[in-house]
Amino acid sequence: MNDSMSLEDKYLLPTYEKFPFALERGEGCWVWDEDGNKYLDLYGGHAVAAIGHSPAVVTAAIAAQSAKLLFYSNLVYTRPRAEAAKALVDFCGEPGSQVFFCNSGAEANENAMRIARSVTGKKNVVVAEGGFHGRTAAAIAATGLKYRKGLAGLGADIVHVPFGDLAAAEEALKGAAAFLLEPIQSVQGAATATNEYLQGLEALCGKNGALLIFDEVQTGLGRVGAPSARHAFGARPQMQTFAKALASGVPAGAVLVAPEAAAKVKPGELGSTFGGGPLACVAISATIKAIVDQNLTENAAEMEDLIRSTFKFPQIAEIRGKGLLLGLVLDRPSKPTRDALLKKKIIVGGADDKHVIRLLPPLTVGPTEIGLLRGALEEIFAAEPVAA
Ligand SMILES: Cc1ncc(COP(=O)(O)O)c(C=O)c1O
């Protein structure tokens, strides 16, 4: 074991299962470990490196900003914050919407739930089983996966219903403040909502005076081949939450609030010291500009088409998801295949659904890198007959 790995294992709580290498640097879709090995990163640094690893436009922006003003809180106006909020509103095509900045996806969801409760004066938040919304108290209570185990009592006002079940949603939404939904349940394994489900939820929320919140922490910023899942599915939530790719790796989260709800948020209701800090905000603006300038949203849609049309292996039973948030559902548990890919220096993700290989590559990925994955899978599958 090399030194960084043994040091981490000694001094950090053992909360994560890790890949067996220590990374030193990254560029585009590639990362290098401390021993000089080069890996193709089709996990995108956990869906964060949307415009590639250590993109020059972001590193230059944060270097310049750090020399000018590293930080001041929301007690003052700053140009970087103003520009980042405008960039997000413009990118999402939501004129009149307003932004609350925080530092992570969990915080964005916490704040969205708080906004929904204060705007509606109601308490319950309805969520779908299989969704992942973060690890803070309300966010974990809203998480319909195993991570909630042992936290009974937290979030008594969170109501879980089956994903895709409009009748259950209708019942649970009576008197509720909001429905919080991950339109493509990434951690679950890219389980994908239908247009009918999302449009049905929108109508049910409207009928019950509840707000619809899309957790776009993974689906936002062009990854699904559209600016966000809201566009990909043609549904109109009152709030969308963002994090992960938002600032290319500088911690940042955001809640985008539609005008009617935004008008009801009162001063002092929400707050964050670091949220909207200048460093994160210049990174947000530079990231969004790169997504637009390099047509990465369109590229995500094209690479999805390429994967769907060329990954015709009998071992892949189904491809779930949209754009570059994809779940390859194998006819067997995916761990041995993922391990074999790692031996070939290709990083992919697993999921709660043990049969799924999750692809979350940088949106800059091209046919060459997709071809490398395809070729590697071909070799691996050749040695693995189709499951009975
Ligand atoms: C859909 C979704 N929402 C929220 C979160 C929580 O984000 P964070 O880890 O930044 O708190 C995650 C993290 O994986 C996520 O995938």
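The values are calculated or read from the model by the stated rules, or taken from the named source; none is laboratory data. Please read these numbers as outputs of a predicted model, since none were measured by experiment. FYI the Cβ positions are ideal-geometry reconstructions off the backbone, even for glycines, and counts take in every protein chain you see.
Filtering Leu246, Leu211, Leu221 for residues that are in contact with a helix residue (DSSP H, G or I) (Cβ under 9 Å, 6 or more places away or on another chain) and over 19 Å from Ala84 (Cα atoms) leaves a single hit, Leu211.
Test Ile140 against the stated conditions and say whether it is more than 12 Å from the ligand (Cβ to nearest atom) and either in contact with a His (Cβ under 8 Å, 6 or more places away or on another chain) or aliphatic (A, V, I, L, M) (or both). Even if it seems obvious, please write down each step before you answer.
Working: more than 12 Å from the ligand (Cβ to nearest atom): no; either in contact with a His (Cβ under 8 Å, 6 or more places away or on another chain) or aliphatic (A, V, I, L, M) (or both): yes.
So Ile140 fails the test.
For segment 44-55, does any single residue satisfy the condition of being surrounded by fewer than 24 Cβ atoms within 10 Å (Cβ to Cβ) and away from the ligand (no atom under 16 Å from the Cβ)? Yes, the conditions are met somewhere in segment 44-55.
Does Leu166 count as under 26 Å from Lys244 (Cα atoms) and touching a residue at least 24 places away in the same chain (Cβ under 8 Å)? When the stated conditions are applied, Leu166 does not pass them.
I'd like to check something: does segment 344-365 contain any residue that is modelled with pLDDT of 95 or more, among the polar types (S, T, N, Q) and closer than 27 Å to Ala191 by Cα? Yes, segment 344-365 contains at least one residue that is modelled with pLDDT of 95 or more, among the polar types (S, T, N, Q) and closer than 27 Å to Ala191 by Cα. All conditions in (1) within 30 Å of Ala262 (Cα to Cα); (2) more than 16 Å from the ligand (Cβ to nearest atom); (3) surrounded by 13 or more Cβ atoms within 10 Å (Cβ to Cβ) hold for Cys29, with the sole exception of (1). For Pro259, the test of being touching a Gly at 6+ places or on another chain (Cβ under 6 Å) and away from the ligand (no atom under 11 Å from the Cβ) is passed. Condition (residue is buried (at least 20 other Cβ atoms within 10 Å of the Cβ) and at positive phi) applied to segment 119-130: is it met by at least one residue? Among the residues of segment 119-130, at least one is buried (at least 20 other Cβ atoms within 10 Å of the Cβ) and at positive phi, which makes the answer yes.
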